[in-house]
1. Report relative contact order for the chain in percent, whole number only (criteria: Cα-Cα under 8 Å, sequence separation at least 6).
2. Please compute the contact order of the range 110-248 in relative form: average sequence separation of alpha-carbon pairs under 8 Å and at least six residues apart, divided by the residue count, as a percent.
3. In degrees from 0 to 90, rounded to the nearest 10, what is the angle of the helix 2-28 Cα long axis to the longest principal axis of the chain?
4. If you compute log10 I(q)/I(0) by the Debye sum over Cα atoms at q = 0.06, 0.07, 0.10 Å⁻¹ for the structure shown, which of (1) -0.34, -0.46, -0.80; (2) -0.25, -0.34, -0.68; (3) -0.22, -0.30, -0.63 do you land on?
5. Which of 41, 267, 178 moves most in a GNM of the chain, Cα contacts under 10 Å?
6. Helix-only mean residue ellipticity at 222 nm, the chain, DSSP H runs n ≥ 4 weighted -39,500 (n - 2.57), per residue, nearest 500. What is it?
7. In angstroms, what radius of gyration and Dmax does the range 240-374 have, counting Cα atoms only?
8. Taking square-rooted eigenvalues a ≥ b ≥ c of the alpha carbon gyration tensor, is the range 178-294 rounded, prolate or oblate, where a/c under 1.5 means rounded and, failing that, a/b exceeding b/c means prolate?
């Protein structure tokens, strides 16, 4: 009976502590890592070592193109850190997901944007909540971004990273594809007197033109170079969508949902001498490039790389092995070289390229033909 009461009191104590922590967190708003340190009783010394690895990852300059997939194996207390740079455009939604063989594995995600190209200075703009394995971020400013991924200290699990992007809007022409876009932002117009402030999407006359996002109908009618046109206000993002050269305008007003028909493809206005198409533009304190708001992402078909899951290190078997910033020989820079019998920490694999880190140095990619499991 005494033991039973002891466990009841202990449970009440921990429940009270948990409620107190949650109440305090609401006021102090600690980071995911601070919550992790407190709730898992991580010592200051161990936490400092773990945090230093994060700083090492920030100095990495690995570059990836989307979509991208990498798999590997987290080893307990091996302090791996993963950092990748990628170019993203306003209008894209960046999507990153981690899959592990246990739902309880903790992985921390920090997202940065470059703010000074000359100094390679990155500023943190978002962090995932503790325990979150799906991270999404809508890009508001085109540029170079960096994502840093760090498993908890005791994590031991197989993992798969999946990186991709998708447009913030749906395609504005029914059944349209990327190849239907045949005139792009910035193209010369009127003999160079002006530049194209949008994209042209070609389709058969009468093809439905769709609301690319939910919003409110503004002006509809026929005027100027755009001929028959519709303006749709995206109140979420504070910008206006412009649909021009329509053959006719659908009977709609007020609020509309994404996918609603606004009109039909034509060639009115100054497009009378061209095949039917939709001129699609976006305005926010002036015209902005609408391409990445609607450009459809590549179909994502990740292939999981094969390698020895027991290996934590690789050894070079070539006299000189190039270490590269991308998993390719044609579009990459050489970051350094590994000599014969050098040991490399194995972080993961993508295709036939290993993601490795020489001791206390920047991470890199090396082709599988140049190394062997240690």
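1. Working: 855 pairs, mean separation 56.5, N = 374.
Over the chain, the number comes to 15 percent.
2. Working: 170 pairs, mean separation 18.8, N = 139.
This gives 14 percent for the range 110-248.
3. 40 degrees
4. Computed from these coordinates, log10 I(q)/I(0) by the Debye sum over Cα atoms at q = 0.06, 0.07, 0.10 Å⁻¹ corresponds to label (1).
5. Among 41, 267, 178, the largest GNM mean-square fluctuation belongs to 41.
6. Details: 4 runs with 54 residues, N = 374.
My calculation for the chain gives -4500 deg cm²/dmol from helical runs alone.
7. Over the range 240-374's Cα set, Rg and Dmax evaluate to 26.2, 73 Å.
8. Details: a/c = 1.57, a/b = 1.21, b/c = 1.29.
Since a/c reaches 1.5 but b/c is at least a/b, the shape of the range 178-294 is classed as oblate.
None of the figures in this text is laboratory data; all of them are computed from the coordinates on show. It should be emphasised that the depicted structure is a prediction, and the values quoted were computed from it without experimental measurement. For neighbour counting, all protein chains shown are included, and Cβ atoms are generated from backbone atoms with ideal geometry for every residue, glycine included.
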